[in-house]
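Asker: The structure that follows is given in the form of C-alpha cells.
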Amino acid sequence: MSYSTLLTCLENGIFTITVNRPDKLNALNKDVFTDLNSVLDEVENNTEIKSVIITGSGPKAFVAGADISEFGGLCKAEAMAMARRGHNTFARIENSAKPIVAAVNGFALGGGCELAMSCHFRVASENAKFGQPEVNLGLIPGYGGTQRLVQLIGKGKAMELLMSAHLIDANEAKQLGLVNYVTTAETLLEHTKNILEIINSKAPLAVASCIKAANAVFNESKDGYALEIEEFGNAFATDDMKEGTTAFLEKRKANFTGN
Ligand code: COA
C-alpha cells in the first residue's frame, strides 16, 4: 500500500515506516494520523510483517511535534478530540502484538517524543534531541507524554522536562533509560534492524505475550501478575512452545511458525 505522508519498506520481515514531511520536520498533521492508522492496519493484517521500525525522513528530525499550524482556533472540545485521536493511535502502537521500535534520527519533540515513547523501545542517533516543549506554547503534551515520560524516566526528571521544556541529547536520553542505544546517524537503521532480526527469530506469540504482560504494569485496570500466569499457560497450548522445548532437547535451532 502507499501513503501520502509515509514511506514504507518491507525487508526480511522488518517493516520500516518513515514519516515523510521533511520540509516540516515530519510534524504530525491530520494526514499523518490518517496514514498511521491505515499503516497500523497493514502491520496487523500482513503476515509477512514480523516487526516494525518507525523513523523520520531527512537528516534533521524524527518528528518535531504535532503540526502547530493545525492548532489555530480550536475550541476545547476540538482540542480534546485531537488529543484523543493521538492517544488512540499511540495506544495502538504501544499495544501492537508485533514489536515496534523507534529509530530516532533527529528532533523528537512534543508529539514526536510521544510517538517514540509509544513504541516498545527506542534507538537514537547521536544527533537526536528529545523533549516536551509544549509549555513554550502555553500547552501541555496531548498524546500521552505526561504519562509515558514519567513511566520511562521517573517522576522527578519527567516533571523537570515537562515544566522547563528543556531538550536532552541522545546520550542523556540513554542515561535516563529513554533510549536503549545511541548510534551514529549512518548506522542507526542497521543497528535497529540487527536487534529486530534477533527478536524476529523468536516465537512470535511468546514475543506478543511479553509485550502484553509488560504493558500491564502501567495499566491500572489490569493485574499484570494474573495476566502473566494466563499468558504463560497460553504458551503451553502453542506449537511453538512444543517446537522450542523439543529443539532445545534435540540440541538444534528452533523453527518457529507463529502457531
Ligand atoms: N509544527 C509545524 N511545523 C513545524 C513544526 C511543528 N511542530 N516543527 C517545525 N516545523 C516547520 C517550521 O515551521 C518550518 O517550516 P517553514 O520552512 O515552512 O517555515 C520547518 O518545519 C523547518 O523548521 P525550522 O523551525 O525552520 O527549523 P530549525 O532547525 O530552525 O528549528 C526546531 C528546529 C525543531 C527547534 C523548531 O522547528 C521547533 O522548535 N519546532 C517546534 C517544536 C515544538 O514545539 N514541538 C511541539 C509541538 S506541540
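Asker: Using a simple spin-label model with points 7 Å from Cα along the Cα→Cβ vector, what separation in nm is obtained for H166 and Y225?
Answerer: 3.7
Asker: How much length is gained if the chain between M80 and V135 is pulled fully straight, taking 0.36 nm per residue apart and subtracting their Cα-Cα distance, in nm to one decimal?
Answerer: Gain on stretching M80 to V135: 18.1 nm.
Asker: For Y225, Y143, give me the order by solvent-accessible area with a 1.4 Å probe, most accessible first, ignoring ligands, DNA and RNA. Could you put the intermediate results ahead of the total?
Answerer: Numbers: Y225 185, Y143 15 Å².
Result of the area sort, largest leading: Y225, Y143.
Asker: N45 versus A214, label points 7 Å from Cα toward the beta carbon: distance in nm?
Answerer: The two pseudo-label positions are separated by 2.8 nm.
Asker: Still on this model: In the stretch 70-133, what percent of the accessible surface is made up of carbon and sulfur (1.4 Å probe, ligands and nucleic acids excluded)?
Answerer: So the carbon and sulfur contribution to the accessible surface is 61 percent.
Asker: Using only alpha carbon pairs under 8 Å that are at least six residues apart, calculate the relative contact order of the chain and give it in whole percent. Write down the numbers at each step before the final one.
Answerer: Values: 457 pairs, mean separation 39.4, N = 259.
Relative contact order, the chain: 15 percent.
Asker: What accessible area per residue, rounded to a whole number of Å², is obtained for the stretch 132-202 using a probe radius of 1.4 Å?
Answerer: On the way: 3790 Å² over 71 residues.
Heavy-atom accessible area per residue stands at 53 Å².
Asker: Check the straight Cα-Cα distances from K50 and name the aspartates and glutamates below 14 Å, setting aside those fewer than 8 residues away within the same chain.
Answerer: Output for K50: E11, D41, E42, E197.
Asker: For an R0 of 41 angstrom, estimate the FRET efficiency from the Cβ-Cβ distance between A97 and Y181 and round to the nearest 0.05. Could you put the intermediate results ahead of the total?
Answerer: Numbers: r = 24 Å, r/R0 = 0.58.
So, using R0 = 41 Å, E works out to roughly 0.95.
Asker: Here's something else I'd like to know. Give the angle, between 0 and 90 degrees and rounded to the nearest 10, that separates the Cα long axis of helix 224-235 from the longest principal axis of the Cα atoms of the chain.
Answerer: That helix lies at roughly 40 degrees to the long axis.
Asker: What do the square roots of 5 times the Cα gyration tensor eigenvalues come to for the stretch 6-200, in whole Å, largest first, as semi-axes of the equivalent ellipsoid? Don't skip to the end; give the middle numbers.
Answerer: On the way: eigenvalues 118, 79, 44 Å².
They are 24, 20, 15 Å, listed largest first.
Asker: Write down the accessible area per residue of the stretch 1-131 in Å², having rolled a 1.4 Å probe over the full set of protein chains. Intermediate values should be presented prior to the final figure.
Answerer: On the way: 5350 Å² over 131 residues.
Value for the stretch 1-131: 41 Å² per residue.
Asker: How much of the DSSP bridge set in the stretch 6-200 is antiparallel, in percent, rounded to the nearest 5?
Answerer: Values: 8 of 30 bridges.
Of those bridges, close to 25 percent are antiparallel.
Asker: Continuing with the same structure: Return one number: the angle in degrees, 0 to 90 and rounded to the nearest 10, between the long axis of the Cα atoms of helix 30-45 and the longest principal axis of the Cα atoms of the chain.
Answerer: 0
The values are calculated or read from the model by the stated rules, or taken from the named source; none is laboratory data. This is a predicted model, so every value here is computed, not measured. Heads up, the Cβs are rebuilt from the backbone with ideal geometry, glycines too, and the neighbour counts pull from every protein chain shown. For the accessible areas, the whole protein counts, side chains as well, though only heavy atoms, and no ligand, DNA or RNA atoms are used. Shrake-Rupley method; radii C 1.70, N 1.55, O 1.52, S 1.80 Å.
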